[in-house]
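First the structure, in the form of structure tokens, and then the observations on it.
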Amino acid sequence: GSSCEILFSDPSFFETYKHCPEIEQKQGRPYHVLLVEWCGCTFAIPLRSHIRHSFAFIADGVESGLDFTKAVVIRDRKFVSSVPVQIRQHEFNVLKQHERVIRQRFESYLRLYIKKIKRRRDNPSIPLDRECRYSALQYFHDDLGL
């Protein structure tokens, strides 16, 4: 079984991926992530505000929640700080209550992403749509078997 945990990303993570423009750089600021296991990989899905697309789980208010397009693969547990995260209790409750829905929606985003990347490989003239072009997953194709 896998569980969702909310943790901070460690500064060493940003150092490692500083050349990746789609990975949000938030040194010195809390970077809350929800960890989800899928197909042998650990994904960290960031909590963000002002999400304006549908590949997300909106937790609180209008546009704050989990942004699936900015999820990253955590290859080393040292990238995730074990400091318990302070987020609004309400937000935490919403995420906990919807763990299954979040997992299902995230997995379907992953499958869609993989399918679109594979289709484009076979046919490079297909333009990449937003959810692929701006996805942080582009740096983790090895992990996704792409």
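The values are calculated or read from the model by the stated rules, or taken from the named source; none is laboratory data. Everything quoted here is computed from the prediction, not taken from an experiment. Please note: Cβ atoms are built from the backbone with ideal geometry, for glycine as well, and neighbour counts cover all protein chains shown. SASA here: full protein model, heavy atoms, side chains in, ligands and nucleic acids out. Shrake-Rupley method; radii C 1.70, N 1.55, O 1.52, S 1.80 Å.
Just so you know, in the range 106-143 the residues that are in contact (Cβ under 8 Å) with a residue 40 or more places away in the chain and surrounded by fewer than 17 Cβ atoms within 10 Å (Cβ to Cβ) include one that is nearest to LEU66 (Cα to Cα), and it is GLU107. Looking at the structure I just gave you, is LEU146 at pLDDT 90 or above, open to solvent by 30 Å² or more (accessible area, probe 1.4 Å), over 22 Å from HIS32 (Cα atoms) and within 17 Å of the chain's Cα centre (by Cα)? Against the criterion (at pLDDT 90 or above, open to solvent by 30 Å² or more (accessible area, probe 1.4 Å), over 22 Å from HIS32 (Cα atoms) and within 17 Å of the chain's Cα centre (by Cα)), LEU146 does not qualify.
Restricting the range 1-10 to residues that are open to solvent by 40 Å² or more (accessible area, probe 1.4 Å) and either of a type outside the set (Asp, Glu) or in a helix (DSSP H, G or I) (or both), which is modelled with the highest pLDDT? It comes out as PHE8.
When the range 11-37 is limited to residues that are open to solvent by 40 Å² or more (accessible area, probe 1.4 Å) and not in a loop (DSSP other than H, G, I, E, B), the one that is modelled with the lowest pLDDT turns out to be PRO11.
Could you please find all residues in the range 64-103 being within 14 Å of ALA44 (Cα to Cα), modelled with pLDDT of 75 or more and open to solvent by 90 Å² or more (accessible area, probe 1.4 Å)? Once the filter is applied, which keeps residues that are within 14 Å of ALA44 (Cα to Cα), modelled with pLDDT of 75 or more and open to solvent by 90 Å² or more (accessible area, probe 1.4 Å), the range 64-103 yields ARG75, ARG77, LYS78. The set of residues in the range 42-58 being part of a loop (DSSP other than H, G, I, E, B) and either free of Cβ contacts under 8 Å to residues at least 40 places away in the same chain or of a type in the set (Phe, Trp, Tyr) (or both) consists of SER49, HIS50, ILE51, ARG52, SER54, PHE55.
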